[in-house]
Amino acid sequence: MAELKRTPLYAEYKKLGAKTVDFGGWDLPVQFSSIKGEHEATRTKAGLFDVSHMGEVLVEGDGSLSFLQKMLTNDVSKLEPGKAQYTIMCYENGGTVDDLIVYQLETDKYLLVINAANREKDVEWLEKHQENGVSIKDLSDEYVQLALQGPKAVEILQSITKTDVSEIKFFRFIADVSIDNVKDGAIVSRTGYTGEDGFEIYLPAASGPDLWQVLLEAGDKHGIRPVGLGARDTLRFEANLALYGQELSAEISPIEAGLGFAVKTKKEDEFIGKQVLKKQKEEGPSRKLVGIEMIDKGIPRTHYEVFDGEKPIGFVTTGTQSPTLGKNVGLALLDCNYTEMGTEVTVQVRKKRLQAKVVPTPFYKR
């Protein structure tokens, strides 16, 4: 058995009695108190997440823009220093290598934030296509990443920095922000994975525990809660934010997953998978990700099959009882003929087939 990796904050959450699990080779907190309580705190007050297991890759050099235009589906030329962009890296067949956020730090200098489980694969993929004038460095072990999310996020962060964080617009960031009682400067980005307002904060690994403590202390009077993977998943699911390995994979394209907004087939650059994705965009894919809500009593879990009568028509990618809505809902990748709103289908829940219907997503909007 390979030893589980731990973030620099492991000791901090163990002090708080967190229950940890193996998540893609990392020993991470699934919950600190209760998933429902942490979910509700993030929706109504503030949640603090350690997401330091995520990968960070620096791409720089005078060929970096043309290289990233070839590797990524979104139009990287629209970036400027201080701007971030959600984008996808695809295979030639349109399947997904990974979804990620790219930050333009300076001209010809970009930080790619990738999914932890894909780190080695992503770096290999980038290096396989590396061109002259491009440097690729995996800096994942040098960073910690904390996410402060929820309606009180701005107020909490503002109380510990002189930088006006309310001025940071969505998908913008400020580099080298000074935070009280934290030695290193931080990249503060107005992004998140919960459907709430908030920030993702990157800084050198050694300063992670200090930032964690400072944020919890500053947020105490606002009802901040440390949050584990359990609520992170229910929060992103309600907001219809894709999870790699479930809504996206080597077999599922971003068009099928409803992420066409991040696939710019009209950009001049020929990116990997462009022709397949362009065809899917123009003709429509043969299957599509939709929301489903259970009519019968039961929860549509990941990988459960979906049927029309005896005919298999797709499968559930993520499903749970929504803590915010109190309903049993799921995301399902279905044959396009069954994706109209209100269409009734059945879900194989253990030994029973239970009625469900197609509903709009996201399930939650703030």
Revision key, fill the gap. Just one listed residue, out of T339, T343, T318, is in contact with a helix residue (DSSP H, G or I) (Cβ under 7 Å, 6 or more places away or on another chain), among the polar types (S, T, N, Q) and either in the same structural domain as I299 (by TED's automatic domain parsing) or more than 21 Å from A257 (Cα to Cα) (or both), and it is T318
Check your understanding: So is T163 over 30 Å from L289 (Cβ atoms), β-branched (V, I, T) and either assigned to a loop (DSSP other than H, G, I, E, B) or without any contact (Cβ under 8 Å) to a residue 12 or more places away in the chain (or both) or not?
Key -> yes
Check your understanding: Within region 87-118, can you find the residues that are closer than 24 Å to D141 by Cα, in a strand (DSSP E or B) and among the polar types (S, T, N, Q)?
Key -> T87, Q104
Review point. Does any residue of region 112-119 turn out to be more than 22 Å from I88 (Cα to Cα) and buried (at least 17 other Cβ atoms within 10 Å of the Cβ)?
Key: no
Review point. Inside region 239-352, counting only strands (runs of 3 or more DSSP E) that do not spill past its ends, which hold 2 or more residues that are basic (K, R)?
Key: 287-294
Practice item. Output the residues belonging to region 320-348 that are surrounded by 16 or more Cβ atoms within 10 Å (Cβ to Cβ) and free of Cβ contacts under 8 Å to residues at least 24 places away in the same chain. Key: T343
Check your understanding: Within region 1-86, which helices (runs of 4 or more DSSP H) (wholly inside it) include 2 or more residues that are among the β-branched types (V, I, T) and buried (at least 16 other Cβ atoms within 10 Å of the Cβ)?
Key -> 35-44
Review point. Which residues, taken from region 238-291, are of a type in the set (D, E) and closer than 21 Å to D75 by Cα?
Key: E256, E268, D269, E270, E282
Check your understanding: Got a sec? Which of L215, L277, L203, L229 is in contact with a Cys (Cβ under 9 Å, 6 or more places away or on another chain), surrounded by 19 or more Cβ atoms within 10 Å (Cβ to Cβ) and at pLDDT 95 or above?
Key -> L277
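The values are calculated or read from the model by the stated rules, or taken from the named source; none is laboratory data. As the structure is a prediction and not an experimental result, all values here were calculated from the model. Please note: Cβ atoms are built from the backbone with ideal geometry, for glycine as well, and neighbour counts cover all protein chains shown.
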